[in-house]
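S.K.: Once you've had a glance at the structure underneath, I'll fire off some questions.
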Amino acid sequence: MKNLETILKKEISSLKKKLTKKDNPLAIQIPEGLKTKTTYILDLLKEYNPFLFVDPCYGACDLKDTQAKDLECKTLIHFGHFPMGKKHKLKTYFIPLEYTLKDQEINYIVETITNNYPNQKINLLTTAQYLKNIKNIKKKLKEKNISLETMQKTERAEKHMVLGCDCSTVVNQKTPFVFVGDGVFHAKNLFLKYNKEILVINPITKTNQTINKNELFIRQRYGVISSLKNAKSFGIIISTKKGQERLSSAKKIHDLLLRSNKKAYFFICEEIKNDSLLGIKVDCFINTACPRITYDDYKNYAKPLITINEAKIIINKEKELKIDQIN
Ligand code: SF4
């Protein structure tokens, strides 16, 4: 991939044209992938006396505007993600660090799609990092008689973007899915939500794979639900992360549990860690924060982690298993 420092230098140089003395001091958030570039970023912005948050940041759902304001910072710079439609407590610039694919990388994507879906219409999805390449891919696919399904911009994502917890940019789920990106985290959400084949193309390694069938996952979730059918007490976890806080949903499931003669308690945290939950005497925890903690990281927790929908199934208020999404 193109030198990250070159991309950062260009983006920070454009950013500096917008910054004034009034933005001093700055607060900065970066994704984990930029950790080795922290001092590089801080040096480039040193005239703004920057403070850099080193806590892991996996999305714009984790905007530290309140904390930055408390530290008397005037502006927050959030690297690696597009904004989510929540109001910010102080001026925030989002720098998604988009990568421009090389011709040969675009050609690989187009060739792979053409081989798999000749003369068809497809849902083309990607992450913030590759979003700006969609226009070019679309143009080249058109020459091959392949068109792109319409997508919608939502409060949390741009058109053609998929988040690990939100597929609501998809308008027509019957159209085949193609995901372009350098991992499967985001594609996995499509596959969990729609239970259909997803062609995943990695333009950097020039490899592709088809993800299909989520039966194992469904079985695992029903296994957890059935193990909790006699559960009497539920801990409801609420995140203080701005884009992960689902207080009203947490309150609703709390009321439902009480009305079903269960015990229910609220627990607040920023990062959900097993260590913080140890010793709490409940049968399971309902995670109302990032759904991927429940689905991907459940093995790291001593007590079962379930979704709101799964809790409703346990108390017979819902029958169908639904994939947890924040949107
Ligand atoms: S809630 Fe989880 S999956 Fe959704 S954007 Fe945040 S980190 Fe990603």
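Only the coordinates and a few stated rules stand behind these numbers; no lab work does. Everything numeric in this text was worked out from a predicted model, so none of it was measured. Glycine also receives a Cβ, built like all others from the backbone with ideal geometry; neighbour counts cover every protein chain displayed.
S.K.: Can you tell me how much longer the chain between Leu90 and Lys138 gets when fully stretched, taken as 0.36 nm per residue apart minus their C-alpha distance, in nm with one decimal?
M.R.: Additional length available on full extension: 13.6 nm.
S.K.: Highest first, please rank the peptides 224-234, 307-317, 199-209 by the mean number of other Cβ atoms sitting within 10 Å of their residues.
M.R.: 307-317, 199-209, 224-234
S.K.: Could you give the size of the charge dipole of the range 215-314 about its Cα centre, using +1 on the Cβ of each K and R and -1 on the Cβ of each D and E, expressed in debye and rounded to the nearest 20?
M.R.: That gives the range 215-314 a dipole magnitude of about 360 debye.
S.K.: Nearest 0.05, what FRET efficiency do Asn145 and Gln209 give at R0 = 25 Å with Cβ-Cβ as r?
M.R.: 0.50
S.K.: Oh, and also: Does anything in the range 1-41 have its amide N under 20 Å from the 7 Å Cα→Cβ label point of Glu47, and if so which residues?
M.R.: Within reach of a label on Glu47, which here means backbone N under 20 Å from a point 7 Å along Cα→Cβ, the range 1-41 contributes 8-28, 39-41.
S.K.: By its C-alpha gyration tensor, with a ≥ b ≥ c as the square roots of the eigenvalues, how is the range 103-211 shaped: rounded for a/c under 1.5, else prolate for a/b larger than b/c, else oblate?
M.R.: Taking the square roots of the gyration eigenvalues as a ≥ b ≥ c, the range 103-211 is rounded.
S.K.: In addition: Between Asn24 and Asn119, what length comes free when the chain is fully extended (0.36 nm per residue of separation minus the Cα-Cα distance, one decimal in nm)?
M.R.: Extending this stretch completely gives an extra 28.8 nm.
S.K.: Set the Förster radius R0 to 30 Å, insert the Cβ-Cβ distance between Lys153 and Ser260 as r into 1/(1 + (r/R0)^6), and round the FRET efficiency to 0.05.
M.R.: So the FRET efficiency works out to roughly 0.20.
S.K.: Which of Ala128, Phe285, Ala157 sits farthest toward the positive end of the charge dipole of the chain, with +1 on the Cβ of Lys and Arg and -1 on the Cβ of Asp and Glu?
M.R.: So the residue we want is Ala157.
S.K.: What is the dipole size for the chain, taken about its Cα centre, with +1 at each Lys and Arg Cβ and -1 at each Asp and Glu Cβ, in debye to the nearest 20?
M.R.: In debye, rounded to 20, the chain gives about 780.
S.K.: OK, next. Across every pair of different alpha-carbon atoms, what Kirkwood hydrodynamic radius in Å does the chain reach?
M.R.: 21.6 Å
S.K.: In the P(r) worked out for the range 214-327, what percent of Cα pairs fall beyond 25 Å?
M.R.: Value for the range 214-327: 12 percent of Cα pairs lie more than 25 Å apart.
S.K.: Distance between Cα centroids, the range 95-137 to the range 162-222: provide it in whole Å.
M.R.: Taking the Cα centre of each part, the range 95-137 and the range 162-222 sit 15 Å apart.
S.K.: Once you keep just the Cα pairs under 8 angstrom separated by 6 or more residues, what percentage relative contact order results for the chain?
M.R.: This gives 12 percent for the chain.
S.K.: By a straight-distance test (C-alpha under 17 Å), which lysines pair with Lys69 as possible cross-link partners, with residues fewer than eight away in the same chain excluded?
M.R.: Cross-link targets: Lys21, Lys22, Lys86, Lys87, Lys89, Lys91, Lys241, Lys242.
S.K.: What spacing in nm lies between the two simple spin-label points modelled at Thr66 and Lys196, each 7 Å away from Cα in the Cβ direction?
M.R.: Taking the two extended label points, one gets 3.9 nm.
S.K.: Per 0.36 nm of contour for each residue apart, how much would the distance between Ser226 and Tyr58 grow if the chain were fully extended, relative to their Cα-Cα spacing?
M.R.: Extra length from Ser226 to Tyr58 when fully extended: 57.3 nm.
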